[in-house]
Amino acid sequence: MKQFILTFSLAIVATLTLTAQPINKATYSTYLRLAEEQMELNQFYNALDNYILAYEERKDYDLAIKIADLSYKLRDSKKAASYYKRALKKDKKGEYTEYMFPLGRSQKMLGEYDEAIETLQKYIELGADETLKELAKAEIQGAEYAKVAEEAENLTITNAGRKLNTKTSEYSPTLADEGKTMYFSGFGTDELIVLDGKSEITEAKVMSSTRGERGWEEPTPLGDVINRPGYHTGNVFVTPNGDRMFVTRMLLNGALIEESKIHVSEKTSDGWGPVKELVGVNGDYVAKHGVTGELFGSEVLLFVSDMEGGEGGDDLYYATRKSGNVYGDPVNLGPKINTPGDEVTPYYRDGTLYFSSNGHPTMGGFDIFSSTWDGARWSAPANMGKGYNTQLDEKYFTLDAEGYQGALTSNREGTRSLKSRTCCDDVWYVNLKKILADLIVTSFENGEDGRQPLTGVSLQLIEMTDNKEGVTQTRTGGDTNEFKFDLELDKAYRIIAKADNFEADTVDFNTVGMIDSRTFEETVNLKPLPVVITIKTEEPIELGNILYDFGKADIRDDAEGDLTFLLNLLNEYPKMVIELSSHTDARGGDAANQSLSQRRAESARRWLTNKGIARRRIQAKGYGESQPRTVTDKVAAAYTFLPEGTVLTEEFINSINGEEAQELAHELNRRTEFKIIDGPTSIIIEEEKLIQIGNKKIEESKQEAPDKGANVTDDFQNDPPKKVSMKSSLYGRKDLTGVPIMEFKTRMIELGKVKKGEKRTGTFYFTNNGDTELIIDLVDACSCTTTEYAQGKTYAPGESGQIDFVFDSSEKDADEEISLNILLRQETPGDEMPIVEEVNYNYELVK
């Protein structure tokens, strides 16, 4: 197992010491030997003391670097900078050039920004480590920012007090019970902890404190159900609804982490229940500080890890919750959030991620940053600014349920420390000034004549919680098109505007993360409703552009518009079953025409089933020449030689003057219709769309007679052209150069009837039809679905693969269509998000 010195363990070191025996007339070599022995025992403060004594005996600049490095790790920037300077000042051969970086960072944490910038610029010129050079550039940006940063308004941060804070470090405050209870972790002592087997305090524990009239009360450690003996327990987080507590349990060897795993406890009527280790998140790496959030509509765990494949040291990851304490595969938040440095202490609230970083431009060491999630991507992290951040370290930012009070940890001025002034962290309480928000909504008609003010609008303002509608305010505009509302902070809102004979318009916005009062100005644009027609069961509707050449069953190119219309209609009404009928003209024998019409109906059905419609929803029926068309008023208007009400029998057609007119009449008989035979008793269709599908395109028909016994071939037996599915994030893009195109044999698998509790399997087969390699990073599905696939495998252009799934119906109560989202490593052109492909399966539940 790899071992790492982390901030958590450094603070423990700040409280540990090993008593050394008195030394008389110690020499340089004696001090050096003692220091090395203490280093072997991971007792860094004792080692540091002896290194300094050795240095005072002999000005060894290699030793000065050791002292500086150790002081740097122990967060004593003043001592670190002093010893780095001593060595670098005497460095004539450039042996210590790489130590310019920690010197520059130490100077920045002392508030010596100009000196830090000069040192870091020199390192960029002379240094050899490219990663440190990139971090040095960020450090310079942070120093420049710190020089001009202004104090955040409406913010007060005060020490949480001596009852809660000790001279050792406190970590991970989390607020519960409407901000009245604070859980955090620490050692709860002002005394040194001696690892001599006699001390009663040897482990960090989760504690709780309640807020009284004079501040936070004396904290109490939680019981052994949370604080397991033999382990350090920390990084506590309580979910917003208070039903779960996440903790990290660590095993240390001195200051080195040997094991770090995330666990969860559920709240019961008797208190916190037994702690369970999370499944899917922990591994042979450090996993710590899990907090809940929401991404892609699902609950996720955001956490910190140093697992292989990250961007730097500690990175932020998320894993989708499947059920209970079971989570999906960890996914790195990517280079927009993570850096070559460390990103730690995540906190998620209403679409905003707060975290601390020393890889982004900071004012000091670790600064608090925020990034918002828009449903598809994170925004560029923003430094929370002066006040939240100082020249030292700020971590574990959190807020209470209302959002006006919160907490963070810091070693800023005023922190109580056991060793150096900056070795240890205190909990600091955050107070935000109440900010006001209101809303002005203006309504407009968005019609053919442009955008005009629209009065008589009814407006609803709805509070949204977890995508569910909550408190609603309703206003009617009367003779005005302006509406005003007062808003609450940290809320998601939805505006719904309605008016007679207009389509409703919806606008979503939120007041999350506001730091100043604001008036939100939104507009709603309502489009006039189209005129609609109701179609009832057994009422035939002609698909006027599905025409056939004489004697042929092939679907012509001009039929795609009508078939697409029918496809959309079947998708809109998923319970609808139709009869798709085909009719021929009277030429040819009865049996031949019957066979031809059946093939035509099946050809149209095949087009629809190839687009994902279940075969059972379409009954293909060929009527041959048995149902000649009756001329309607619209047909009579288009063809003046055809009287309204006339039945286009063979006898009538033969009586028409002119071969061209006769052929047009025969073509009218060669038609495809559909009617509802099961499902909804009626459906509503826009009149304009019905007109479009009823208009025949009059084209010259081929006059060739069919060969008797000829095998009529359907267009769809040939290879279809390569197209990007509408279920791909690449859909609609013209330039597909340099991207993988994931083509599936089918994107919809029908499992049919499934008994409740039964498990079913399926496989999606795909081929990379793009011109570059394809790599699957993640397949995301609901907790009822388990997937198996070659994660991270490279599929060359033309190479095929498969995604297997197992569906467990145990928790299902109704028929459902399940989606699987496939995230590729490759990005959508011009975007920073991975390509996403969607496949589906459905089932009919039998209880």
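The values are calculated or read from the model by the stated rules, or taken from the named source; none is laboratory data. Since we're looking at a predicted model, the values are computed, not measured. Note that each Cβ is placed from the backbone with ideal geometry, even for glycine, and that neighbours are counted across all protein chains shown. Just so you know, the surface numbers come from the protein's heavy atoms only, side chains and all, with ligands and any DNA or RNA stripped out. Shrake-Rupley method; radii C 1.70, N 1.55, O 1.52, S 1.80 Å.
For the reader, a short list of remarks on this structure follows.
- In region 603-617, the residues that are surrounded by fewer than 23 Cβ atoms within 10 Å (Cβ to Cβ), in contact (Cβ under 8 Å) with a residue 40 or more places away in the chain and not in a loop (DSSP other than H, G, I, E, B): Arg606, Trp607, Leu608, Arg617
- Scope region 253-307; condition acidic (Asp, Glu) and farther than 18 Å from Gly328 by Cα; matching residues: Glu258, Glu259, Glu266, Asp270
- Residues of region 826-847 classified as assigned to a strand (DSSP E or B), touching a Gly at 6+ places or on another chain (Cβ under 9 Å) and surrounded by fewer than 16 Cβ atoms within 10 Å (Cβ to Cβ), total: 1
- If only residues of region 508-564 that are buried (at least 18 other Cβ atoms within 10 Å of the Cβ), out of contact with any strand residue (DSSP E or B) (no Cβ under 7 Å at 6 or more places or on another chain) and of a type in the set (A, V, I, L, M, F, W, C) are counted, the one that is modelled with the lowest pLDDT is Phe550.
- Candidate set from region 450-466 (those that are of a type in the set (A, V, I, L, M, F, W, C) and part of a loop (DSSP other than H, G, I, E, B)); member that is surrounded by the fewest Cβ atoms within 10 Å (Cβ to Cβ): Leu454
- Scan of region 628-656 for residues that are under 21 Å from Arg587 (Cα atoms) and β-branched (Val, Ile, Thr), ordered by number: Thr630, Val631, Thr646, Val647, Thr649, Ile653, Ile656
- Selected residue (criterion: surrounded by the fewest Cβ atoms within 10 Å (Cβ to Cβ)) from residues of region 618-649 that are small (Gly, Ala, Ser) and outside any loop (DSSP other than H, G, I, E, B): Ala637
- Within region 473-502, being under 31 Å from the mean Cα position of the chain (by Cα) and part of a loop (DSSP other than H, G, I, E, B) holds for Glu488, Leu489, Asp490, Lys491.
- Conditions (1) under 26 Å from the mean Cα position of the chain (by Cα); (2) within 29 Å of Gln107 (Cβ to Cβ); (3) open to solvent by 30 Å² or more (accessible area, probe 1.4 Å); (4) among the hydrophobic types (A, V, I, L, M, F, W, C); number of the one not met by Leu408: (3)
- The residue that is most open to solvent (accessible area, probe 1.4 Å), counting only those in region 490-501 that are more than 24 Å from Arg349 (Cβ to Cβ) and modelled with pLDDT of 90 or more, is Lys498.
- Look at region 749-767: where a residue is touching a residue at least 60 places away in the same chain (Cβ under 8 Å) and a partner is open to solvent by 40 Å² or more (accessible area, probe 1.4 Å), sitting 6+ places away or on another chain with Cβ atoms under 6 Å, you get Leu751/Arg760; Lys753/Glu844; Lys753/Val846; Val754/Arg760; Lys755/Val846; Lys756/Lys847.
- In the set (1) crowded, with 18+ Cβ neighbours inside 10 Å; (2) within 26 Å of Leu295 (Cα to Cα); (3) in contact (Cβ under 8 Å) with a residue 24 or more places away in the chain, the condition left unmet by Thr415 is number (2).
- Number of residues in region 650-678 that are touching a residue at least 40 places away in the same chain (Cβ under 8 Å), open to solvent by 20 Å² or more (accessible area, probe 1.4 Å) and of a type outside the set (D, E, K, R) equals 1.
- Members of region 801-819 found to be of a type outside the set (Asp, Glu) and in a loop (DSSP other than H, G, I, E, B), listed by number: Ser809, Ser810, Lys812, Ala814
- Candidates Ala781, Ala814 - the one that is surrounded by fewer than 13 Cβ atoms within 10 Å (Cβ to Cβ) and of a type in the set (Gly, Ala, Ser): Ala814
- Options Ser729, Ser725; residue that is in contact (Cβ under 8 Å) with a residue 40 or more places away in the chain, surrounded by 13 or more Cβ atoms within 10 Å (Cβ to Cβ), under 26 Å from Leu333 (Cα atoms) and of a type in the set (Ser, Thr, Tyr): Ser729
- Filtering region 196-206 for residues that are of a type outside the set (Lys, Arg), farther than 25 Å from Asn338 by Cα, outside any loop (DSSP other than H, G, I, E, B) and modelled with pLDDT of 95 or more leaves a non-empty set.
- Counting the residues of region 565-584 that are in a strand (DSSP E or B), modelled with pLDDT under 90 and more than 13 Å from Leu543 (Cβ to Cβ) gives 0.
- Answer residue from region 263-284, given it is of a type outside the set (A, V, I, L, M) and touching a Ser or Thr at 6+ places or on another chain (Cβ under 6 Å) and is surrounded by the most Cβ atoms within 10 Å (Cβ to Cβ) among those: Trp272
- Selection from region 766-800 of residues that are part of a strand (DSSP E or B), more than 20 Å from the chain's Cα centre (by Cα), under 30 Å from Leu845 (Cβ atoms) and not hydrophobic (A, V, I, L, M, F, W, C): Glu788
- Being of a type in the set (Ser, Thr, Tyr), at pLDDT 75 or above and open to solvent by less than 80 Å² (accessible area, probe 1.4 Å) holds for only one residue in Thr737, Thr767, Thr761, and it is Thr767.
- Leading residue by the ranking (modelled with the lowest pLDDT) among those in region 478-489 that are under 30 Å from Gln405 (Cβ atoms) and open to solvent by 30 Å² or more (accessible area, probe 1.4 Å): Glu488
- Subset tally (residues that are under 17 Å from Arg587 (Cα atoms) and not in a strand (DSSP E or B)) for region 657-676: 13
- Checking every residue in region 167-188 against the condition of being farther than 22 Å from Arg412 by Cβ, charged (D, E, K, R) and in a helix (DSSP H, G or I) gives zero matches.
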